[in-house]
Amino acid sequence: MLFDQRCAAVKRAMEAERCVCFVDYASEPPVEPPVRHYQLVCSECGRQYDDDGLILDCSGDHVPALLRTQYSDSSFNPLPEENGIFRYRRWLPVIRTPQNTGRTAVYRSYGLARMLRLPNLWIAFNGFWPERDAVFETATFKELEAHTVLGRLPDSNVILTVASAGNTGAAFAWACSQRRQPCLLIVPGRSLRRFRFRESLHPAVNLVVIDDGDYPDAIELATAVSRASEFQAEGGVKNVGRRDGLATVLFTAFEEMNQLPTHYFQAVGSGTGAIAVLEAAKRIRNAGVDTMLPRLMLCQNLPFTPIFDAWRMDLKSPAGSADKFREDIRQVYADELTNWAPPYTTKGGVRDSLVASCGEVMATTNAAARLAVDMFSELEGIDIEPAAGVAVACLRDAAAQGKFDKEAVVLLNITGGGRLRLEREYSLVPAEPRLRLIRKSISVEAVQQVAAHCP
């Protein structure tokens, strides 16, 4: 009864918030449900759906499978008048497009390329680097996900619920704050350092921290809260908005390079970005571009390497106990990569993407990743995140080991960078959690408590 009363209170508060949702969007929220320019298609059974902005799963009785978007416009037609991510809105599952969003900066490397002796090395930089027209407010490519997911949402009274290891949560916090979109963000305590912004977050953003928790703890709590009707699970890799938003990394690269790369390097936790890149490459090829799919070269940080281990040992799914995963998490440099339940065997997921692209998974040490961060800063002129350092270290190893031809066209995804630059130029405001919990306190009562703290 108490939980129902609190949910009712949340609903009343949501009605009060409704009039200000999405006030910054280029167009007013439509009165009638808009006609969407795409359908959702199940990667397992082929069943098609008219999207309502909230669908995450196929209703068919089969193995877990990702939904994919099928757009009415099958040609690659960026909008020349747009500079941000919504330059590609014909291939984005959105009904609203906010102003002033960033986009990946893609450029040909000289410093790092010369050192690695890779003349055709390109860098996809996602972060804050104004001289490169990179203006992500949270300094990572997770903003591509957040803006697309919000643009996909219908005009309905829901509180978007997001579990995150840190960077995704920060991106959603900032995007939801700017749009006045009510949301609940649940993150581990170690991730709180990433929640610093140019201004205080809007009250519609509710941040809950599990001080001694890990990413799966955040997922578990978010899943429990999302069972209440007012809360809508964001969905992670299952949300086509997330994947298609990240796919724009490759769209921008294709525009700048005038071709697809032969090899694509990225550090991965869940692998959502890598799945998205392969889906983007297939979409470009289906648009009439005669090209091979890029080989996915995925990178993880020892000792936490569930995808690397599963691929190397040909496992059905990542193996390991929760206690072992927690122990490994506390030893890694790039803790943003610590997802121990990636969509590895999901139809259309990580393993399928690796097989389809003849890909490979590599791993590197903390020391090598730290060295790579310093090396990139010296050679390219900007600071990068630990995860990006993992990708640079694996690229260096792959080049040294002859894993690809020196003339190969390589795209290196710097998934986050410029955070130190951002902190130097602006007085960032730390976010204040609405509620702090510890793992042993997570229970039915905790779920009720979290729901009650969402205005």
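Couple of notes before you dig in:
- In this simple spin-label approximation, D374 and S229 carry label points 7 Å from Cα along the Cα→Cβ vector, and these lie 5.9 nm apart.
- Taking amide H atoms as placed 1.01 Å from N in the peptide plane, the amide H of I210 lies under 5 Å from those of V187, G189, L437, each 5 or more residues away in sequence or on another chain.
- Cα-Cα P(r), segment 19-174, percent of pairs per 10 Å interval: 10, 30, 35, 19, 6, 1
- For G102, the residues 5 or more places off, or on other chains, whose built amide H falls under 5 Å of its own are I85.
- Listed by chain and number, the lysines placed with their C-alpha closer than 30 angstrom to that of K238 are K11, K142, K282, K316, K324, K347, K440; residues fewer than eight positions away on the same chain are left out.
- Placed amide H near T161: partners under 5 Å, 5+ positions off or other chain: L184, Q232, A233, E234
- Overall dimensions of the chain by Cα: Rg and Dmax, Å: 20.8, 66
- Fully extended contour minus Cα-Cα distance, from S43 to A356, at 0.36 nm per residue: 111.3 nm
- In plain terms, the chain from S59 to E81 could stretch by 4.0 nm, reckoned as 0.36 nm per residue minus the Cα-Cα distance.
- Debye log10 I(q)/I(0) for segment 206-249, one point scatterer per Cα, at q = 0.30 Å⁻¹: -1.05
- Radius of gyration and Dmax over the Cα atoms of segment 304-412, both given in Å: 15.0, 44
- Semi-axes of the equivalent ellipsoid for segment 143-229, Cα gyration tensor, largest first, Å: 19, 16, 11
- Inter-centroid distance (Cα atoms) of segment 190-229 relative to segment 276-308, Å: 29
- Descending by average beta-carbon neighbour count within 10 Å, the peptides 172-181, 285-294 line up as 172-181, 285-294, the highest first.
- Peptides 54-62, 187-195 ranked from most to least packed give 187-195, 54-62, packing being the mean of other C-beta atoms within 10 angstrom over each peptide's residues.
- With Cα atoms, 0 to 90° folded angle of helix 366-380 axis to the chain main axis: 80
- Against the chain, whose longest principal axis comes from its Cα atoms, helix 167-179 is set at around 50 degrees.
- Peptides 369-382, 325-338 ranked from most to least packed by the mean count of surrounding Cβ atoms within 10 Å: 325-338, 369-382.
Bear in mind these aren't lab numbers, they're just calculated from the coordinates by the rules spelled out. Predicted model, so just to flag it, every value in this text is computed and none were measured. Neighbour counts are summed over all protein chains in view; Cβ atoms, including those assigned to glycine, are modelled from backbone coordinates with ideal geometry.
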